[in-house]
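S.K.: Below: one structure in structure tokens.
Rule-based calculations on the coordinates, nothing more; no lab input. Since the model is a prediction, treat every value here as computed from it, not as a measurement. No Cβ is skipped: glycine too gets one built from the backbone with ideal geometry, and neighbour counts run over all protein chains shown.
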Amino acid sequence: MGRKRLALGSLLLQPALAAQPAAADDTGLAPVDPVSTGAEGIADTYFLILGFAAFIFLLVTGSLLLFVARYRSRGRPRDVEGPQIIGHTRLELAWTALPVLILAVVAGFVFYKLGGIDDPAPAAGATADELEIAVDGHRFYWQFEYPNGVITLDRLRVPAGRVVDLEITATKSDVVHSWWIPALGGKKDAVPGETNHLKFRATRTGTYEGQCAEFCGVQHAAMGASMEVLSEDDFESWLSAEASAQGAGRSVLGQETYAAACSKCHGLAGEGLVGPPIAGNSVLRDREGLEEIVRNGRGEMPAIGPQWDDRQIDALFRYVGRELGQPADQAGGES
Ligand code: CUA
């Protein structure tokens, strides 16, 4: 019986165990490695509280085990009462004062760290002025706009060392989303018509994954995001190269828009997913028709791009026309 139960238990545990290696930076009980000053402050606070929690856990379970052993009945008849202990002033003062002291230390530490979490200072040698990036949460993608007008989707690129101010919002006609890159620390809601700020200073280059953290509809799970931290020089050269590419209409904006905003429902090849297949659809060859659908939605499909400018719709139109726009009877002829 016992062995059977054990086998059942390990069977139930298996998916959890199998899933573990998939998490690239599995840090056990700890938060993921912080890559911003704010996330470092949050992680420090986490470890302080974890330390007190561990201390209290050991104190309580330790004394429980000690008392169970020490004051066991030793064959005393059930109707005889144990020793009656009434009052211990010093002990009672201690267990009142100690929790107050612990809470005071936790509160003091949080307020000490809060300034750096909310409003970080730039790294020495980095550009002092803040980089403002508009973040727009949308069913089911993130759109970023840089001060020079460059637009990217689902992948945020930021320079290391410089303070970045994310202005997080959602389009009026949309729903609430939540911006969350765990390595950056806390979540911030993207609320239609409101702007929330998340200021941070990235400390390490690399790419960090995130996920919309507010249930927002059928493809909420597909609403990921990633953040690429570049050195300040790499960032500046990418940003200016991207600005001229987007201005000249030969950037990856169309492809990125399709991948982020369209493919999560219609499939990367337009083959259909939770939305109908669209490969070869005549709307993909009709600039006006395409604009009408992405701006206003149709049937079950939400208005996915009411805020897109002509540059972005043109880029999307060029991409889908090139990649998916062939009528079905011609598309099969290739390869
Ligand atoms: Cu957006 Cu969940």
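S.K.: Of (1) of a type in the set (Phe, Trp, Tyr); (2) within 16 Å of the ligand (Cβ to nearest atom); (3) out of contact with any Asp or Glu (no Cβ under 9 Å at 6 or more places or on another chain), Tyr141 satisfies all except one. Which?
M.R.: The one condition Tyr141 does not meet is (3).
S.K.: Can you find a residue in the range 174-184 that is away from the ligand (no atom under 16 Å from the Cβ), buried (at least 17 other Cβ atoms within 10 Å of the Cβ) and either under 22 Å from Ala128 (Cβ atoms) or in contact (Cβ under 8 Å) with a residue 24 or more places away in the chain (or both)?
M.R.: Filtering the range 174-184 for residues away from the ligand (no atom under 16 Å from the Cβ) gives 183-184.
From what is left, the residues that are buried (at least 17 other Cβ atoms within 10 Å of the Cβ) are 183-184.
Going one step further and asking which of them are either under 22 Å from Ala128 (Cβ atoms) or in contact (Cβ under 8 Å) with a residue 24 or more places away in the chain (or both), we end up with 183-184.
Among the residues of the range 174-184, at least one is away from the ligand (no atom under 16 Å from the Cβ), buried (at least 17 other Cβ atoms within 10 Å of the Cβ) and either under 22 Å from Ala128 (Cβ atoms) or in contact (Cβ under 8 Å) with a residue 24 or more places away in the chain (or both), which makes the answer yes.
S.K.: Do any helices (runs of 4 or more DSSP H) lying entirely in the range 213-319 carry at least 1 residues that are under 23 Å from Leu166 (Cα atoms), and which ones are they?
M.R.: By residue number, 232-247, 253-257.
S.K.: Separate question: Do the conditions hold for Arg162, that is, is it of a type in the set (Lys, Arg), closer than 23 Å to Ala315 by Cβ and more than 15 Å from the ligand (Cβ to nearest atom)? Lay out the reasoning, then the answer.
M.R.: Details: of a type in the set (Lys, Arg): yes; closer than 23 Å to Ala315 by Cβ: no; more than 15 Å from the ligand (Cβ to nearest atom): yes.
The answer is no for Arg162.
S.K.: Could you please find all residues in the range 262-294 being within 20 Å of Gly249 (Cα to Cα) and either of a type in the set (Asp, Glu) or under 30 Å from the mean Cα position of the chain (by Cα) (or both)? Talk me through it step by step, then tell me what you get.
M.R.: Let us first name the residues in the range 262-294 that are within 20 Å of Gly249 (Cα to Cα), namely 262, 284-288, 290-291, 294.
Selection gives Cys262, Asp286, Glu288, Glu291, Val294.
S.K.: Taking the range 187-227 as the search range and keeping residues that are of a type in the set (S, T, N, Q) and within 10 Å of the ligand (Cβ to nearest atom), which one is farthest from Asp174 (Cα to Cα)? Before the answer, list the steps.
M.R.: Our first condition is that a residue be of a type in the set (S, T, N, Q); within the range 187-227, this holds for 195-196, 203, 205, 207, 211, 219, 226.
Restricting the remaining residues to those that are within 10 Å of the ligand (Cβ to nearest atom) gives 211, 219.
Numbers: Gln211: 18, Gln219: 14 Å.
Within the range 187-227, the match that is farthest from Asp174 (Cα to Cα) is Gln211.
S.K.: Tell me, which strands (runs of 3 or more DSSP E) wholly within the range 137-211 include 2 or more residues that are of a type in the set (D, E, K, R) and touching a His at 6+ places or on another chain (Cβ under 9 Å)? It would help to see each step written out before you state the result.
M.R.: Values: elements: 141-145, 151-153, 155-159, 163-170, 177-179, 188-190, 196-201, 206-211.
In the range 137-211, the matching strands (runs of 3 or more DSSP E) lie at 163-170, 188-190.
S.K.: Mind checking whether some residue in the range 155-167 is farther than 21 Å from Ala225 by Cβ and of a type in the set (A, V, I, L, M, F, W, C)?
M.R.: Residues of the range 155-167 that are farther than 21 Å from Ala225 by Cβ, as a first pass: 161.
Now narrow it down to the ones that are of a type in the set (A, V, I, L, M, F, W, C): none.
Checking the range 155-167: not a single residue is farther than 21 Å from Ala225 by Cβ and of a type in the set (A, V, I, L, M, F, W, C).
S.K.: Assess whether Ala269 counts as being within 27 Å of Arg318 (Cβ to Cβ), within 16 Å of the ligand (Cβ to nearest atom) and in contact (Cβ under 8 Å) with a residue 12 or more places away in the chain. Steps first, answer last, please.
M.R.: Numbers: within 27 Å of Arg318 (Cβ to Cβ): yes; within 16 Å of the ligand (Cβ to nearest atom): no; in contact (Cβ under 8 Å) with a residue 12 or more places away in the chain: yes.
Spelling it out, it is not the case that Ala269 is within 27 Å of Arg318 (Cβ to Cβ), within 16 Å of the ligand (Cβ to nearest atom) and in contact (Cβ under 8 Å) with a residue 12 or more places away in the chain.
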